Every structure is written in structure tokens, then in C-alpha cells.
1. Regarding the stretch 116-264, what's the average projected area of the Cα-atom convex hull, expressed in nm²?
2. Of the peptides 184-190, 99-105, 143-149, 33-39, how do they stack up when ordered by the mean number of other Cβ atoms within 10 Å, highest first?
3. Where Lys and Arg each count +1 and Asp and Glu each count -1, what net charge lies around residue 110 among other residues with Cβ under 13 Å from its Cβ?
4. I need the per residue convex hull volume for the chain, using only the alpha carbons, in cubic angstrom as a whole number.
5. From zero outward in steps of 5 Å, how is the percent of C-alpha pairs of the stretch 188-227 spread across the bins?
6. Can you give me the Cα centroid spacing of the stretch 11-29 and the stretch 50-79 in angstrom?
7. Using only alpha carbons, build the gyration tensor for the stretch 57-197 and give me the equivalent ellipsoid semi-axes, biggest first, whole Å.
8. Could you list 86, 224, 28 in order of exposure, starting from the residue whose Cβ has the fewest other Cβ atoms within 10 Å?
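The numbers here are math on the coordinates, done by the rules we state, and not lab data. On a predicted model such as this, the values are computed, not experimentally measured, just so you know. Because the Cβ atoms are built from the backbone with ideal geometry, glycine has one as well, and the counts that use them run over all protein chains shown.
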Amino acid sequence: MDLQLTGKTAFVSGSTAGIGYAIAKRLLIEGAEVVINGRSQESVDEAIEKLKREVAKAQISGIPADFSNAVQVGGLIERLPDIDILVNNAGIFQPKDFADIPDEDWYRFFDVNVMSGIRLCRAVFPKMLERNEGRIIFISSESGIAIAEEMIHYSMTKTAQLAISRGLAQLAKGTNITVNSVLPGPTRSRGVKKFIEEVAESQDMSVEEAEQDFFTTNRPNSLLQRFIEVDEIANTVAYFASPLSAATNGAAIKAEGGIVTSII
Ligand code: NAD
């Protein structure tokens, strides 16, 4: 299937590693020009070099900015070219007992996971309306609809993203713009690999045993019963970044390995 992404310009937040990196790579393979982002110039430069090695003729550039810092985000927005595809991917997670989550963590999670997308959309969405064309995709999570008890603050941010993407889709009624959220389930990203390695070490298990235990204990409803690969999420995102996906708008698209038991 030709996703018709040649000539499109995409920006993917938090794309020097993990799911964001895989999305940037898939969009480059499909012929889009991609602007990547990470917290430091060094991490952005490293990711650009790696992507150039992995994708022949990649049209790629990068803008560093830390999404927990509004001033840096403002600087990033000033440097952004006209964007056809915006992927709000940057996000942080950390399991923590509810009673131990201080105010600062609630605000930091909201800043990085929610305000990141709001600030980018505030800049990009009006321009898309003017051009009557565009795709916005929020990388939410299955935890946005099946709240993770071990990180309610994270789940709160992922639910918030669903409200914003649905609201913007409604504002784009009758246009060629779509705004959707993709809801990955547990995905073998850099952050999740580190998390499982830590669990394995603390419980004196091998990494494989810790992974299996995670699905038996924490995600028994998973139909996949393994971690999703980052490329599997990237493939889903690339389709919803494509002009071919015009019929899907304002949707929460599950790519969670069947964990959520509701049919719709
Ligand atoms: P990751 O930690 O592997 O990678 C995160 C990326 O975001 C990196 O490029 C990092 O540099 C960047 N980043 C982190 N904090 C940032 C900040 N303050 N400013 C700018 N960039 C920052 O993460 P991941 O697992 O690939 O997660 C990506 C997105 O997918 C997140 O929004 C996450 O909530 C969502 N998600 C992940 C999973 C999973 O299991 N991995 C499941 C559901 C949803």
C-alpha cells in the first residue's frame, strides 16, 4: 500500500528513542520529510546520524527542546517549518503508589505528557485549518481508558490527551484535517526495557521471566501476551498519518494487544 506520504513534512516529539524514533523512521521510509526532537542537541544529532544510516536518502532534521520547559518549547515552535503531520509522542511514565505522588509529579507529568501536545497544536492546528489539510496524532495509551492503578498520574495524562484530540477533531469538522489518538499497550521501548530490567533485578528473575510475570500478573487480559514492538506501533501511526485514513477522525485507536476488553 502506498501511504502517499512523499512530499509531506512531519514533526514527531520525543523521537530520539523508543516509539517516537520508530515512528520517525517509518515516516522517513514512506518518503516524508521528518523533523525529530529530543531533550539535547547531542541526542538529536545522534538520532539523525542513526536514521540516515538506516534509511537511504532520509530527509531529516531535528530541533532539541525539553517539553518540561515552556521557554524551550516556545523556541522550538519558532523554528518549526510548516507541518503536515504532527505526532505528539513525547511522554514520561513512572509507577508510583498514589499516596506517594507529590504535587510536583502531577504537574510535571501534565506538562510533559499533555501541555506538550497542547502547545504544539496551538501553533500548528490553525495553520492546518488555513491550508485545509493535516494530520494530528496523539500517542496516548491503553492506560488512558483502562486506568493503571500503579500510575494514576500517568493514566490521567493519557485520558486528557483523548479529550484534546477529540475536541480538536470536532473543531476540524468539514475539513481535510483529522485528529486521532493511538493507544499503545505495553511496548518494548527504551523506557520499558529499562523498567523490566529493574523489575528483574529487584525480584531476582531473568528479564524473560520478568516479562512473562508482567503479563500474568499485571496484564492478564492481554491477548498478545508479549510486549508490542515499537515498529508495530509505528506502522499503525503511519497509516493514520496518511491521506488514506480520511474516514477515521476523533477516534481513540487501540493498538494495545487486546488488553482493553470493551469491543469499541
Ligand atoms: P521512551 O522513554 O522509550 O522514549 C521517550 C522519548 O521521549 C525519547 O526520545 C526521549 O528523549 C523523549 N523525551 C522524554 N522526556 C522528554 C522531554 N521532557 N522533552 C522532550 N523529549 C522527551 O518512551 P516510549 O515508551 O517510547 O513512550 C513514547 C510515548 O508512548 C509516550 O507518550 C508514552 O506514554 C506512550 N506509550 C508508551 C507505552 C510503552 O509501553 N512503551 C505504552 C503506551 C503509551
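1. If I average the Cα hull's projected area over directions, I get 9.3 nm².
2. Descending mean neighbour count gives 33-39, 184-190, 143-149, 99-105.
3. With Lys, Arg at +1 and Asp, Glu at -1, the neighbours total -1.
4. 133 Å³
5. 6, 27, 31, 25, 10, 1
6. What the calculation gives is 10 Å, centre to centre.
7. They are 27, 18, 15 Å, listed from largest to smallest.
8. 224, 28, 86
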